[in-house]
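Here the structure is laid out as structure tokens; the discussion comes afterwards.
No value in this document is a laboratory result; all are computed from the given coordinates. Please read all numbers here as calculations on a predicted model, not as lab measurements. Backbone-built Cβ (ideal geometry, glycine too); neighbour counts: all protein chains shown.
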Amino acid sequence: MTRWLVDTPAKSKHDLAQRRQQFWKPRAIGDEVWQGRDRDRALRLSWRCNEYEFAKCLDLPLAGSAKNVRAMISVAVDAVHTALHFPELRVSCSRRNGWWQETRRYRDPDFTYYNVVPAIDALLEAGILVDYDLQPAGRSTGVQSSYRPAPWLAEIILPELRYEVGEVIRLRDAEGRLIDYRDNDKTRRDRAMLAKINRSLAEAAIDLDVPAAVRDANAIRLDGYSVFPGMTSLYRVYKGGWDRGGRFYGGWWQSCRKTHRQHLTIDGHRTIELDYQQIHPRLLYGIAGRHLEGDAYTIPGWDRGVVKKAFNTLLNTQDFKEARGAIAKNLGTDRDTAEWLMLDITMRHPDIKSYFHSGIGMTLQNIDSEICRQVLVEMYRKGIVALPVHDSFVVAEEHEDTLSQVMQTTFDAVAKTAKKLF
């Protein structure tokens with residue numbers, strides 16, 4: 001038994017096999033995907049500051065051209081930022097020229113392989129970066145080279161930083177790597193839409209009214225983590241194609257814990273957060289032409305949070321064995337317990353069981369991201385600032401009714417369209 005089971009009698013493997021045969025049809029097992037070690041914090045070249053003011057804080061090695069100087073300052077600013085707020089993390093960065101060519105869309109044109117990599121080497125030689133883990137050239141391990149900022153960088157007081165989001169429409173392959181793409185009507189539409197919304201977010205005074213928070217020029221330190229109010233621009237991320245993923249990221253409020261988000265203010269006004277409860281189960285039932293009765297994640301004998309995690313895993317895996325293994329790993333339990341949970345979820349949702357372990361999760365994300373896009377556009381047209389948090393939105397309390405109406409109308413319209421796609 002595990003700590004998630006509540007007074008549930010033990011089941012034999014024979015019972016499990018019988019119930020699996022009743023509710024699941026076998027699927028072909030896909031190729032295993034290589035998984036390397038956990039990635040460190042990727043090098044961010046998005047922070048900008050007054051170069052003269054930064055030079056007062058840190059003596060940098062000599063650089064050649066103005067582009068070399070810009071690259072070195074950006075790497076150094078990221079190092080100080082990491083030392084201050086993420087001291088336990090390494091910073092990873094590719095030394096493969098091809099990678100810099102393939103992802104140039106997502107960076108400032110000055111930040112090329114020939115400017116950034118030499119800047120890193122110079123900062124390493126100067127002792128500003130340390131503990132360099134250089135990966136062998138030409139060896140495809142999926143692991144990038146990495147380093148640590150020198151610990152003493154945490155004592156530096158940075159000047160005021162500004163954040164440049166760069167490309168706001170981002171495409172990743174199935175493994176999560178950023179890839180280049182050709183613009184189309186959809187990307188041009190989304191980019192124009194985000195330019196307007198990001199401008200309105202930048203003009204709004206978005207703050208956090210938490211007395212215990214510790215502030216400096218660039219960060220708000222909360223209970224064990226930091227957020228960065230300069231990060232107000234949204235960007236959209238697709239994964240594996242334009243019909244997969246597409247959620248909005250980038251706003252600093254998305255990094256706040258829910259207990260802290262309730263203290264957000266917009267232009268000095270208290271806020272309210274409304275969310276689409278059980279959005280993926282509701283979408284699936286709508287696609288199946290059925291109605292969801294009760295709470296999708298409430299199953300006798302199981303903790304609701306555990307059921308929710310397992311349910312989402314069933315939507316994001318490709319076959320039964322992958323789903324069972326992922327659930328066991330995510331919940332820290334054995335495979336028999338994971339299988340029993342999977343079977344109970346299927347018993348609870350027979351009308352949508354054909355979508356389990358089918359890989360539909362990213363498609364559902366695409367649908368919920370389209371709902372989010374339309375809500376943001378409609379609220380923008382009404383002159384109301386709305387802060388997206390994937391399947392929820394934060395607005396000033398006075399706009400609660402308007403947001404609620406827009407969310408319901410948008411969900412109904414998009415769900416109706418989505419049903420025609422299946």
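General observations
- Relative contact order, percent, the chain [alpha-carbon distance under 8 Å, six or more residues apart]: 17 percent
- Cβ-derived FRET efficiency at R0 35 Å, ALA154 paired with ARG177, nearest 0.05: 0.70
- The stretch 207-238 residues near the modelled ASP267 label - backbone nitrogen below 16 Å, point 7 Å along Cα→Cβ: 207
- Here the 3J(HN,Hα) profile of the stretch 333-340, calculated from phi with Karplus coefficients 6.51, -1.76 and 1.60 at θ = phi - 60°, is 10, 8, 5, 5, 5, 4, 5, 4 Hz, Gly and Pro shown as x.
- Annotation for ALA66 and LYS416: the two label points, set 7 Å from Cα along the Cα-Cβ direction, are 5.6 nm apart.
- FRET efficiency estimate (nearest 0.05) - Cβ-Cβ, GLU370 to TYR114, R0 51 angstrom: 0.80
- Net charge contributed by nearby residues that have their C-beta within less than 10 Å of ARG335 (K/R +1, D/E -1): 0
- ASP185/GLN408 FRET efficiency (R0 41 Å; Cβ-Cβ; nearest 0.05): 0.90
- D_trans [Stokes-Einstein, Kirkwood Rh over alpha-carbon pairs] for the chain, 4 °C, 1.567 mPa s, µm² s⁻¹: 54 µm²/s
- Estimated from helical segments only, the mean residue ellipticity of the chain at 222 nm is -12500 deg cm²/dmol, where each DSSP H run of four or more residues counts as -39500 (n - 2.57).
- Span per principal axis, largest first, for the Cα atoms of the stretch 47-163 (Å): 39, 30, 25
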